[in-house]
Structures are given as structure tokens and as C-alpha cells.
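J.: Dropping the structure in here first, questions after.
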Amino acid sequence: MEQRQELYAGKAKSVFATDDPDHLILHFRDDTSAFDGERMESLARKGKVNNCFNAYIMEQLAAAGIPTHFVQRLSDTESVVKKLDMIPVECVVRNLAAGGLVKRLGVEEGQALNPPTFELFLKNDALHDPMINESLAETFGWATPAQLAEMKALTFRVNDVLKQLFADGGLLLVDYKLEFGLFQGEIVLGDEFSPDGCRLWDAKTREKLDKDRFRQGLGGVIEAYEEVGRRIGVRFD
Ligand code: 5GP
């Protein structure tokens, strides 16, 4: 597969066209951003770590029957994915209270959420990804009710698979964000799953081992991602 022109440069990944109209190449860069791009830093090894991490998780999800855009890892920092028509809605499931939920509702960080919560956000940097709901998504044409129902069902299926995977590594999957798109009319998981877009705590000590280390200036960001990867069986070579 031949790489063609850059289509889009996000905050941490760049997307390239290929000679095949149905496939794209994702390039995971070392760049890290927080607070809608207000803070940007380059962290050595991040591109490679997240590319390997994402490939492993996407393979686990596919093995559990969840449709994903992931095709194969191409190099240390690149992967081939199916070209999706992206739905501009972020799906968030929370198993424990943290981050935006704590800020918004004043609940205690770490409180168990039974049942886990499901939230929708509009993917829009300029508006700081505002929270939306099914009604707004339908009215403004971001997604149909049937698509939203499928996205919600898939997001919870991902929770069942990954909560267990991380638990086996002595980790709590606190919350995570997923993005979906359409491939030949089917809802498919897109974007990435890495410690950039989820919260993971050590199950015993509740030490934060995800992007909150960067957001909160705790240091050891990539070392924490590697530690999580090692515990769940990701290979970084
Ligand atoms: P919160 O709403 O608490 O800020 O985020 C909930 C979860 O979704 C966290 O795991 C967070 O990392 C992830 N998340 C939400 N929005 C984004 C986003 O725009 N980019 C990334 N990388 N993760 C996000």
C-alpha cells in the first residue's frame, strides 16, 4: 500500500490517504495536548507506544466481535485503517467518577457508578466538545436514532471486554471515550484506544496511569502508558 497526501493533522495523529480509496494510514506522533490544545508537548516514544497499544486493544475488540476500523500495524508509528465516514459525536462511558463528571456534578472522585454512565459530546474543538444528547444529535443530523442506539450498545460491549482485560492487569478502567464512523453503511469503531483517551488507575493504590498524568503535571506519562501496556500484554517491539 502506497502512502499519498496528508488529509488531516489532529493534535496527536496525522491521517494520510493511500492508493486504495477504502484505506487510510494513521501516523501516531509524539505530540501530546491537553485543554483543547492549550498545552502541547512532545513526549519521546509516545507515537510508538500509542500505536502499539491501540493495535493491541483493537485486535482484542475485534476478537470479541466488535467491528473496528483497524487493519494492521504498518511500522512503529503507523497503522492502516479502513476509511470511515466519521460521526462527529464522542461516546463516553464511566465506571468510576472522575474528570468532567466530578467537575460538573460535584460528586466525589473515585465513586463507583452503578450502572456505568453513558454520555455524548459533540466533537468540536472551538466549542470545547460540548455535552449533547440523542435529541440534539438527531435534530442537527449528527447521527440518526438507530446509529446512536448502535453506538451506545457497542460502547457498552467495549466496556465488558476492556474492564476485564484491564482488571486482569490489576487496573481499573475508570472511563473512556470512543468515536465511531460508517463503513459501507455499518457503524464501526474508529479513532484510537490508548491511555490518551481513557482513565486507568492501579486497582490497589489508585495511582493514575493515563493522560491525567500529563493534564495534572504528575510526570512519568509515557512510563505509565508502558507500565499499563506491559500489564495487559501489549508488545512494544
Ligand atoms: P472527561 O469528560 O472526564 O473530560 O473525559 C471522559 C473520558 O473521555 C476521559 O477518559 C478522557 O480522556 C476521554 N476524553 C473525552 N474527550 C476527549 C478528547 O477530546 N480527547 C481525548 N483524547 N480523550 C477525551
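The values are calculated or read from the model by the stated rules, or taken from the named source; none is laboratory data. In this text, all values refer to a predicted model and were calculated from it rather than measured experimentally. Here the Cβ is made from the backbone with ideal geometry for all residues, glycine too, and neighbour counts use every protein chain on show. For the accessible areas, the whole protein counts, side chains as well, though only heavy atoms, and no ligand, DNA or RNA atoms are used. Shrake-Rupley method; radii C 1.70, N 1.55, O 1.52, S 1.80 Å.
J.: Tell me yes or no: at least one residue of region 38-50 is in contact (Cβ under 8 Å) with a residue 12 or more places away in the chain and more than 15 Å from VAL221 (Cβ to Cβ).
T.: Checked against the condition, which is being in contact (Cβ under 8 Å) with a residue 12 or more places away in the chain and more than 15 Å from VAL221 (Cβ to Cβ), region 38-50 yields no hits at all.
J.: Moving to a separate point now. Report those strands (runs of 3 or more DSSP E) wholly inside region 70-148 carrying at least 1 residues which are open to solvent by 70 Å² or more (accessible area, probe 1.4 Å) and touching a strand residue (DSSP E or B) at 6+ places or on another chain (Cβ under 8 Å).
T.: Qualifying strands (runs of 3 or more DSSP E): 70-73, 85-96.
J.: Evaluate the following for ASP168: is it open to solvent by 10 Å² or more (accessible area, probe 1.4 Å), within 14 Å of the ligand (Cβ to nearest atom) and at pLDDT 95 or above?
T.: No.
J.: Mind checking whether some residue in region 28-37 is open to solvent by 40 Å² or more (accessible area, probe 1.4 Å), of a type outside the set (S, T, N, Q) and at positive phi? Before the answer, list the steps.
T.: First, the residues of region 28-37 that are open to solvent by 40 Å² or more (accessible area, probe 1.4 Å): 29-31, 35-36.
If we keep only those that are of a type outside the set (S, T, N, Q) as well, we get 29-31, 35-36.
Next, only the ones that are at positive phi stay: 35-36.
Yes - at least one qualifying residue is present in region 28-37.
J.: Is there a residue being part of a helix (DSSP H, G or I) and either touching a His at 6+ places or on another chain (Cβ under 7 Å) or closer than 26 Å to LEU24 by Cα (or both) anywhere in region 162-181? Break it down stepwise before answering.
T.: Residues of region 162-181 that are part of a helix (DSSP H, G or I), as a first pass: 162-168.
The next check asks that each one be either touching a His at 6+ places or on another chain (Cβ under 7 Å) or closer than 26 Å to LEU24 by Cα (or both); those that pass are 162.
Within region 162-181 (the criterion being part of a helix (DSSP H, G or I) and either touching a His at 6+ places or on another chain (Cβ under 7 Å) or closer than 26 Å to LEU24 by Cα (or both)), the answer is yes, since at least one residue qualifies.
The rows are residues; the columns are (1) basic (Lys, Arg); (2) more than 16 Å from the ligand (Cβ to nearest atom); (3) over 29 Å from HIS128 (Cβ atoms); (4) at pLDDT 95 or above.
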position	(1), (2), (3), (4)
PHE16	no, yes, no, yes
GLU38	no, no, no, no
ALA64	no, yes, yes, yes
GLN72	no, yes, yes, yes
PRO88	no, no, no, yes
CYS91	no, no, no, yes
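J.: Show the residue pairs meeting these rules: Cβ distance below 9 Å; 6+ apart or different chains; first residue within region 119-139 and of a type in the set (Gly, Ala, Ser); second residue in a helix (DSSP H, G or I).
T.: ALA137/PRO145; ALA137/GLN147; ALA137/LEU148
J.: Could you please let me know if GLY110 is farther than 18 Å from TYR176 by Cα and either among the aromatic types (Phe, Trp, Tyr) or in the same structural domain as VAL188 (by TED's automatic domain parsing) (or both)?
T.: So GLY110 does not fit the description; no.
J.: Pick from region 177-215 the residues that are aromatic (Phe, Trp, Tyr) and under 13 Å from the mean Cα position of the chain (by Cα): which of them is nearest to ASN95 (Cα to Cα)?
T.: PHE193
J.: Examine region 192-203 for a residue that is at pLDDT 95 or above, in a loop (DSSP other than H, G, I, E, B), outside the structural domain of ILE25 (by TED's automatic domain parsing) and farther than 14 Å from VAL49 by Cα, and state whether such a residue exists.
T.: Yes, some residue in region 192-203 is at pLDDT 95 or above, in a loop (DSSP other than H, G, I, E, B), outside the structural domain of ILE25 (by TED's automatic domain parsing) and farther than 14 Å from VAL49 by Cα.
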